[in-house]
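Readers should treat all values here as calculations from the given coordinates under stated rules, not as data from a laboratory. What you see is a predicted model, and the numbers here were worked out from it, not measured in a lab. Here the Cβ positions follow ideal geometry from the backbone for every residue, glycine too, while neighbour counts run over all protein chains shown.
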Amino acid sequence: MKLTRSKDCNPNYLAKIVQIDSFRPHPNAERLKLATVDGYIISTSIDSAEGIYVYFPVECVINSDFLKVNNLYRKADLNLDPTKQGFFEESGRVKCIKLRGLASEGLIMPIYELCKFAGEGIAEPIDSVEMSKLVGTEFDTVNDKLFVWKYVIPTKTSGGGINGSAKEKKKVLNIVDDQFHFHIDTIVSAIIVI
């Protein structure tokens, strides 16, 4: 299994192989327990065992094939097994959600689920020496296929424009010299605020 970073990767939204050696009980739920990864608290199933996991940070998007293979979509017809239902919307976005009053700041999945997705044919290599060498690896591609990326909020167009029926109001922003400093990457030749 080849885990790499693409040349355009955003380091804040990379998946990471992590070793979780202990869980603690969720204060408000009997069927959940908590893990901490890089300071973030993640709620997970009471059945989760210590071992090697893949951590997905909040506001990343997970590859749709991975979600399908692991039956993680809310719409059951998008899953490999249409009798199972997950909690992901079609966008594949990892959200910070409150579970029984406590925010879960990411998602963890056992490493064998990643191996299954990569076609490794391994059932559960949790205690594998080879898998433990991967701990700490941050990546956005698996076997040269994009696996995670930053979620971008889709924008809606109003249908207006040059030939559209909607009129756009434009204001020119007037700045007094030395009153305001632009960011170094801002092009100052013409600033228009809509």
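Just to confirm the filter: which trypsin sites (Lys or Arg not before Pro) across the stretch 2-85 are DSSP coil and have at most 11 other Cβ within 10 angstrom of their Cβ? Can you show the working numbers first?
Values: sites: Lys2, Arg5, Lys7, Lys16, Arg31, Lys33, Lys68, Arg74, Lys75, Lys84; in loops: Lys2, Arg5, Lys7, Arg31, Arg74, Lys75, Lys84.
Those that pass, being in a loop and sparsely packed, are Lys2, Lys7, Arg31.
Each Cα pair under 8 Å and six or more residues apart adds its separation to the average, and for the stretch 3-150 the resulting relative contact order is 33 percent. Spin-label model, Lys145/Glu89: points 7 Å from Cα along the beta carbon direction are separated by 2.5 nm.
Taking amide H as placed 1.01 Å from N in the peptide plane, Trp149 has its amide H under 5 Å from the amide H of Val61, each at least 5 places away in sequence or on another chain.
Just report the Cα centroid separation between the stretch 1-75 and the stretch 89-108, whole Å. After rounding, the separation between the Cα centres reads 10 Å.
Relative to the compact globular guide of 2.2 N^0.38 Å, what is the alpha carbon radius of gyration of the stretch 3-150, as a ratio? Numbers along the way, then the final one.
Working: Rg = 14.7 Å, N = 148, 2.2 N^0.38 = 14.7 Å.
Normalised Cα radius of gyration, the stretch 3-150: 1.00.
I'd like to know which of Thr4, Val129, Leu107 lies farthest towards the positive end of the charge dipole of the stretch 3-150, counting +1 on Cβ of Lys and Arg and -1 on Cβ of Asp and Glu. Value: Leu107.
How much net charge surrounds Glu105 when only other residues with a Cβ under 11 Å from its Cβ are counted (Lys, Arg +1; Asp, Glu -1)? Each step should come with its number before you reach the end.
Values: positive: Lys95, Lys98; negative: Asp38, Glu59.
For residues surrounding Glu105, the net value is 0.
Our coupling estimate for the stretch 143-150, obtained by passing each phi through the Karplus curve with A = 6.51, B = -1.76, C = 1.60 and θ = phi - 60°, is 6, 6, 10, 4, 10, 9, 7, 5 Hz, Gly and Pro reported as x. Pairs to check: Lys16/Lys156; Lys95/Lys116; Lys84/Lys150; Lys33/Lys84. Give those whose C-alpha atoms are more than 29 Å from each other in this structure. Table pairs above 29 Å Cα-Cα are Lys16/Lys156.
Let me know the charge dipole size of the stretch 3-150 about its Cα centre in debye, to the nearest 20, where only the beta-carbon of Lys, Arg (+1) and Asp, Glu (-1) is charged. Each step should come with its number before you reach the end.
Details: 18 positive and 21 negative charges, 97 e Å.
Using Cβ point charges on Lys, Arg, Asp and Glu, the stretch 3-150 gives about 460 debye.
Evaluating 6.51 cos²θ - 1.76 cosθ + 1.60 at θ = phi - 60° for every residue in the stretch 69-83, the Karplus couplings come out as 4, 9, 6, 9, 6, 5, 7, 4, 5, 8, 8, 4, 9, x, 8 Hz, glycine and proline recorded as x.
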